[in-house]
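**Student:** The structure under discussion is supplied below as structure tokens; questions concerning it will follow.
The values are calculated or read from the model by the stated rules, or taken from the named source; none is laboratory data. The shown structure was predicted, so the numbers you read here are calculated from the model rather than taken from an experiment. Note: ideal-geometry Cβ built from the backbone for every residue, glycine included; neighbour counts use all protein chains shown. Remember, those area values only see protein heavy atoms, side chains included, never the ligands or the DNA or RNA. Shrake-Rupley method; radii C 1.70, N 1.55, O 1.52, S 1.80 Å.
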Amino acid sequence: MNSQNVTDYPNNNTYFLVWNFKQDADPSKIKSVFQRMCALVTNLNNSALDRFPNSKASCVMGIGYEAWLQLELPSPLPKEFKKFEEIKGSKHTAVSTRGDIHFHIRSDEKSLAYDMASTISDFMTEIADCVVEVQGFRYWDSRSILGFVDGTENPHGKDRDYFAIIGDTDPEYEGGSYLFVQKYIHNMNAWKSLSVEDQEKVIGRSKEQDIEMDDDVKPKNSHIALANVGDDFKVVRDNMPFGNVSTNEMGTYFICYASTFSTVEKMLTNMFIGDPVGNYDRILDFSTARTGTLFFVPSADMLDEFSG
């Protein structure tokens, strides 16, 4: 079963687009445009591969829970596919926000990423409103805007397929993936007021060399201590920084592909509720989740079936 391009590595330029169907749109029109969109995504990927083989360009399309039901897509649904419910801790909350269709566009060539996003928007505006548009960029050696390398714990090689793509545990949806996204805004003034040593304690790694602290030194509420839930429970992250320098609205678009959504839930529970309860992820004192949505990424073969 062919998968969409969920295991590629982050590159230089990214568009993240979340669209919600218009309430007054004709349901038959929504279904018709959705079919055309499925065909378009396949076309965009094939065209980019033929025309710009070195650009590492791709577009991955995910479908939200409510949209899946509205579009009357296959039932029963993927085993762990549901509406994401907020996770509320004593101080911070992983909010839940609606998202019907998600597009993840990647390309080392910025012009190509823009053209793909523009073409998709031309199709979608007839039936949906874009509620999130984030243009991500590679920051130095894959660092977040906080200055630390992001994604060090990502699996590599064949492990990327294992942790990101559904196998024979859910045969009807083999080749698909769970996609979870959050748009985080960072309090850069507060973050910059910390010394490098204190920043490293928040993350659990050295800032310059990206070396994880020893367990007997690493704070129990550091990001590394709580967000990593074991070698048997990993996801493939494609996080990208974004921002508006003049308004100081800088952030991270957290995006991960997973073969099991329960792994993501465990990570979020550790971060927001704490392990033990109350020992929440210290990075949340500087990073606020503005969105939180679960999507399902059908296999490339299923996407082709949806196109009619």
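**Student:** Quickly run through segment 210-230 and pick out the residues that are touching a strand residue (DSSP E or B) at 6+ places or on another chain (Cβ under 9 Å) and either among the charged types (D, E, K, R) or farther than 18 Å from Met271 by Cα (or both).
**Tutor:** Scanning segment 210-230 gives Asp210, Ile211, Glu212, Met213, Lys218.
**Student:** Which number in (1) surrounded by 15 or more Cβ atoms within 10 Å (Cβ to Cβ); (2) free of Cβ contacts under 8 Å to residues at least 60 places away in the same chain marks the one condition that Gln23 misses?
**Tutor:** Tallying (1) surrounded by 15 or more Cβ atoms within 10 Å (Cβ to Cβ); (2) free of Cβ contacts under 8 Å to residues at least 60 places away in the same chain, Gln23 fails exactly one: (1).
**Student:** Additional query: Within segment 104-133, can you find the residues that are farther than 11 Å from Tyr15 by Cα, open to solvent by less than 80 Å² (accessible area, probe 1.4 Å) and without any contact (Cβ under 8 Å) to a residue 40 or more places away in the chain?
**Tutor:** Ser111, Thr125
**Student:** Continuing with the same structure: Within segment 204-226, how many residues turn out to be buried (at least 21 other Cβ atoms within 10 Å of the Cβ) and at positive phi?
**Tutor:** Adding up the residues that qualify gives 1.
Conditions (1) closer than 26 Å to Met61 by Cα; (2) in contact with a Phe, Trp or Tyr (Cβ under 7 Å, 6 or more places away or on another chain); (3) assigned to a loop (DSSP other than H, G, I, E, B); (4) touching a residue at least 60 places away in the same chain (Cβ under 8 Å), marked per residue:
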residue: Asn221; (1), (2), (3), (4): no, yes, yes, yes
residue: Gly230; (1), (2), (3), (4): no, no, yes, no
residue: Gly243; (1), (2), (3), (4): yes, no, no, yes
residue: Gly251; (1), (2), (3), (4): yes, yes, no, yes
residue: Phe254; (1), (2), (3), (4): yes, yes, no, yes
residue: Pro276; (1), (2), (3), (4): no, no, yes, no
residue: Thr288; (1), (2), (3), (4): yes, yes, no, yes
residue: Glu305; (1), (2), (3), (4): yes, no, no, no
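**Student:** Give segment 66-81 a look and list any residue that's surrounded by 13 or more Cβ atoms within 10 Å (Cβ to Cβ), assigned to a loop (DSSP other than H, G, I, E, B) and not hydrophobic (A, V, I, L, M, F, W, C), or say none.
**Tutor:** Those that are surrounded by 13 or more Cβ atoms within 10 Å (Cβ to Cβ), assigned to a loop (DSSP other than H, G, I, E, B) and not hydrophobic (A, V, I, L, M, F, W, C): Pro74, Pro78, Lys79, Glu80.
**Student:** May I pose another question? Inspect all residues belonging to segment 155-165 and state whether any of them is hydrophobic (A, V, I, L, M, F, W, C) and either in a helix (DSSP H, G or I) or closer than 29 Å to Glu208 by Cα (or both).
**Tutor:** Step one: list which residues in segment 155-165 are hydrophobic (A, V, I, L, M, F, W, C), which gives 163-165.
With either in a helix (DSSP H, G or I) or closer than 29 Å to Glu208 by Cα (or both) added as a condition, the list becomes 163-164.
Yes.
**Student:** Further question on the same structure: Quick check on segment 269-288. Is at least one of its residues closer than 25 Å to Asn5 by Cβ, at pLDDT 95 or above and not small (Gly, Ala, Ser)?
**Tutor:** no
**Student:** Let me ask something additional. I'd like the residue in segment 178-200 that is in contact (Cβ under 8 Å) with a residue 60 or more places away in the chain and part of a helix (DSSP H, G or I) and, out of all such residues, is nearest to the chain's Cα centre (by Cα).
**Tutor:** Among those that are in contact (Cβ under 8 Å) with a residue 60 or more places away in the chain and part of a helix (DSSP H, G or I), it is Met188.
**Student:** Whether any residue in segment 143-151 is within 19 Å of the chain's Cα centre (by Cα) and at pLDDT below 95 is what I want to check.
**Tutor:** The answer is yes; a qualifying residue exists.
**Student:** If I ask for residues that are acidic (Asp, Glu), under 20 Å from Ile224 (Cβ atoms) and buried (at least 16 other Cβ atoms within 10 Å of the Cβ), which ones from segment 159-203 would you list?
**Tutor:** Within segment 159-203, Glu200 is the sole residue that qualifies.
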